[in-house]
Amino acid sequence: MDRFQYEPLDLEGGPFRLLRLLCSRDREAAIACELFEASGDRLTTRFEALSYTWGSTKRARNITVNGKPLAITENLHAALFELRLPEDRILWIDAICIDQKNEKERGHQVQQMGYIFGQARRVIFWLGGATPETNLLIDSMKPIEQAID
C-alpha cells in the first residue's frame, strides 16, 4: 500500500491542516484519521490543539490518514489512542498537520503556531501514559481547579 503523501499548502492566506480523528467504539481498532485544509482567515471549524512530547522516533507506529499509512512516534500514537472518542474529534497536531519533510511549509507553519494554538478551543497537554503517581497528582490539583471555577 502506498504511504500517505501530503498535498502542498498554498501558503498565502494562512492555511493549515486539521486532523479528524475518526471515532471508534472498539478500543483495539487501528487509529484512522482524515487530514483536511483550514484557512486561517476564514476559520469556522472548532478544533483542539495537542501539545505533547515527541518521544523517540526509533519505534514508529502507523496510523491511517486519508486511507493511507503514516508513521508517527509511539508517544503520539499513545496520545491518539487515549484521545479517541465515541464521536469524531478535530485536532491540530504539529507532527501530522505539518509536512515535516517540506522545509518551506514547516518554517511557515511554525510561525503560525501561536495563532493556531490561540484559535483552538482547548489545548490538550499529553505527557505520556498514566503511572501509579498520576492519581496523586490529579488529586493534588483539584483544589486549584476549584479555586479557578
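Excluding the sites themselves, what is the longest stretch of the chain that contains no trypsin sites (Lys or Arg not before Pro) in a DSSP loop with at most 13 other C-beta atoms within 10 Å?
On the way: sites that count: Arg3, Arg25, Arg27, Arg46, Lys58, Arg59, Lys101, Arg121.
Answer from the scan: 60-100.
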* Taking Lys104 as the anchor, which lysines have their alpha carbon closer than 30 Å to its alpha carbon, excluding any fewer than eight residues away along the same chain? -> Lys58, Lys68
* Mean Kyte hydropathy of 0.0 or more with a Cα span along the axis of at least 18 Å, helices from DSSP in the chain -> 134-148
* To do: Assign one of three labels to segment 3-55, namely rounded, prolate or oblate, based on the Cα gyration tensor with a ≥ b ≥ c the square roots of its eigenvalues; rounded applies when a/c is under 1.5, prolate when it is not and a/b is larger than b/c, and oblate otherwise.
  => prolate
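Mean separation of Cα pairs under 8 Å and 6+ residues apart, divided by the residue count of the chain: what relative contact order is that in percent?
Relative contact order here is 29 percent.
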* So what's segment 15-148 giving for Cα Rg divided by 2.2 N^0.38 Å, two decimals? -> 1.12
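Report the GluC sites (Glu not before Pro) located in segment 42-92 that are in a DSSP loop and have at most 11 other Cβ atoms inside 10 Å of their Cβ, or state none.
Numbers: sites: Glu48, Glu74, Glu82, Glu87; in loops: Glu87.
Sites meeting the loop and neighbour criteria: Glu87.
Values quoted throughout were computed directly from the atomic coordinates according to the rules given, and no laboratory measurement underlies them. Note that the structure is predicted; figures quoted are calculated from it, not measured. Every residue, glycine as well, gets a Cβ built from its backbone with ideal geometry; the counts of neighbours run over all protein chains shown.
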